[in-house]
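Please treat every number below as a calculation from the coordinates, not as lab data. All figures in this text were calculated on a predicted structure; none of them were measured in a lab. Here the Cβ positions follow ideal geometry from the backbone for every residue, glycine too, while neighbour counts run over all protein chains shown.
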Amino acid sequence: MENEIKVSIIVPVYNVSRYLRRCLDSCVCQTRDDIEVVIVHDCSPDPEDLVICNEYVAKYPDKVRLILHPENKGLGAARNTGIKAARGEFLTFVDSDDYIDFAACGSMHYQAELNSADYVLGDLWRASLKDCNVARIKRVNWVVEEDANRMSFYSVASLIKRELIINSNIFFLEGKKYEDIPAVPIWLALSEKTISYNGSPVYFYLNDREGAITSGSFADLFLDLIDSYSVLLSRTKEKCPQYAQTIFKAIARHINMVVAAKMRCKEDLVTLANTQLPAQIFRELISSIEWEAPNEHKDLLDFLVTIDNNTDFHSAYLYISQMYLNKFLQYYTDDQLLSEFGKRDPSTVCIWGCGIYGERLLKRFARLNLKFEVTDMDASKHGEITSTGAIIKPWGEIKTQIKTVIVAIRGQYRNMSAFLGSDVEVYAFNG
C-alpha cells in the first residue's frame, strides 16, 4: 500500500474537539482514494480529542494513522513529525480547526501531474463561525524571479513533494508561532519545477475561533514573528542566497501586513520600539515597506538619515508608527473618535466608500450619534440610502464644503490622498 499513496494529509491535533470531526471528515472523504491521513496528537489536554482520533482510526484503518506525542511540542513539531512519518509522494497540511474541499487533493495533484510541478498552491478561503460566510483570501502563484509581492508564507492550501522537504532538510520552526515563515519561502525557492496555481477553492481557514494560534497578545505574537524572520534570513543565506533580496522584501511586506492586522492600541507600539532588530536590517525593512501614507515613509527615511547606525532605531519607528496610527481610524477607541470628530461641523466631513468598511464605519459613528456626508466612486450608488440612513451623494455635489475625508476603501489611502490634494485632511478606515 505504501507505494500507492500519492498524498499524505498531515493533521496536528491539540484542543480542537469542537471542530475536529468536520476537519477529519473533509480529509477522509477526498475524491481520491490513494491518500492517507496522518494525525499527530500533540498531547492535547482535551480528552475528547483522543477519543475522536481513535474513532477515525477504527473507522478508516486503511486510510488514517495516529501518532501520539508524549508531551506537547507545538504545531511546528507536530507537522515535522507528520512529514517524517508520511508515506505519500506529496504532502498537504491541514490545521485541525480548519477543513478542506473534498476535491482538494485530487485537484491539486492533477495540477502537479499536468504541469510536472513539485509545489502546487491552491486557493485559501476564510470561513467564519459566527455567520457561516466564506471569503477568498487573495493568494497568487509566486514565480521565483524577483517577485516578493506575490510570495506565499502559508503552508496550508498547498501540495508539496515530500522529497523536496526531506532533501532540503528544512522543516517547520519548533517552539514558536509563525512556524511556516522560516520554511515555506525556502521550499518555494528550492522548487526546481513549475509552481502551479490551482484556481479552485481547496482550503477553508477558520479565523474567529478562541485559542487559535494567531490569537494572543501583540507582544507575544510580534516577538515570535521576529524570531521566525531571523531564522528565515539565516536559512536563506545558507540554502538560496540568490533569492536573499527577494525574500527580504517579502519579509518587509509581511511585517507591515501583520502589524496592521494585529496592532490594536498605542501600547503595542512600545513592543515594536523595543524589538531588537539589527540597525541595518531595520533600516532596510522600513525602506522597503509600502507605507499607505507616503509622507510618513519620507519623514521616517529622512529621520533615519540624520542618526548614526549605533543610535536606537526603535525610537524612530515609534515616532513614525505614531503618525501612522493617527491616520488609521480602525485603531481608534470610541472616546478617541468622539474627541477627534465630535466637535467638527458634520457638513465638512465625508466618508468615501460604501462597501463593507464604509458600512462598518458608518454604524460605528451612528452609535456615537455622529452623522457625516457620504460619497462613493460608483455613480450607480448615488441617491441610495445607507443602513444608517445617510444619502450617498456625488462627490461633485459636496466637494466644496468638505474639509476632511475618511477613505473607507481598502488600499486606496494613497491614491485618494493624491486625488484630494493638500487642502483636504485625509484619514483611512480599512479594518
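At 0.36 nm per residue, and after removing the present C-alpha to C-alpha distance, how many nm does the segment from SER200 to SER387 gain when stretched out fully?
Extra length available between SER200 and SER387 comes to 63.9 nm.
Within the set LYS371/LYS403; LYS343/LYS371; LYS6/LYS161; LYS161/LYS239; LYS343/LYS381, which residue pairs have Cα atoms separated by over 21 Å?
Check vs 21 Å cut-off fails for LYS343/LYS381.
From the backbone phi of the stretch 347-357, what are the Karplus-calculated ³J(HN,Hα) couplings (6.51 cos²θ - 1.76 cosθ + 1.60, θ = phi - 60°) in whole Hz, Gly and Pro given as x?
6, 9, 10, 10, 9, 9, x, 10, x, 4, 6
Please go through the stretch 1-103 and write out the GluC sites (Glu not before Pro) that DSSP classes as loop and that have at most 10 other C-beta atoms within 10 Å.
GLU71
What residues qualify as long-range amide H neighbours of VAL374, i.e. H under 5 Å apart, gap of 5 or more or another chain, H built at 1.01 Å from N?
Under 5 Å from the amide H of VAL374 lie the amide H atoms of ILE351, LYS393, each far enough along the sequence or on another chain.
Below 8 Å, C-alpha to C-alpha, sequence gap of six or more: please give me the relative contact order for the stretch 330-428 in percent.
28 percent
Pull out the extension gain between ARG21 and SER230, defined as 0.36 nm times the separation in residues minus the alpha carbon to alpha carbon distance; nm, one decimal.
Working it through step by step, the gained length comes to 71.6 nm.
How much of the DSSP bridge set in the stretch 330-428 is antiparallel, in percent, rounded to the nearest 5?
Around 5 percent of the beta bridges assigned by DSSP in the stretch 330-428 are antiparallel ones.
Which value in nm describes the separation of the simple spin-label points at ALA244 and LYS371, placed 7 Å from the Cα toward the beta carbon?
6.1 nm
For ASN115 and ASN169, what is the calculated FRET efficiency with R₀ set at 22 Å and r taken between the beta-carbons, to the nearest 0.05?
0.30
Scan around TYR427 for amide H atoms under 5 Å from its own, H built in the peptide plane at 1.01 Å from N, and keep only partners 5 or more places away or cross-chain.
VAL405, ILE406, VAL407
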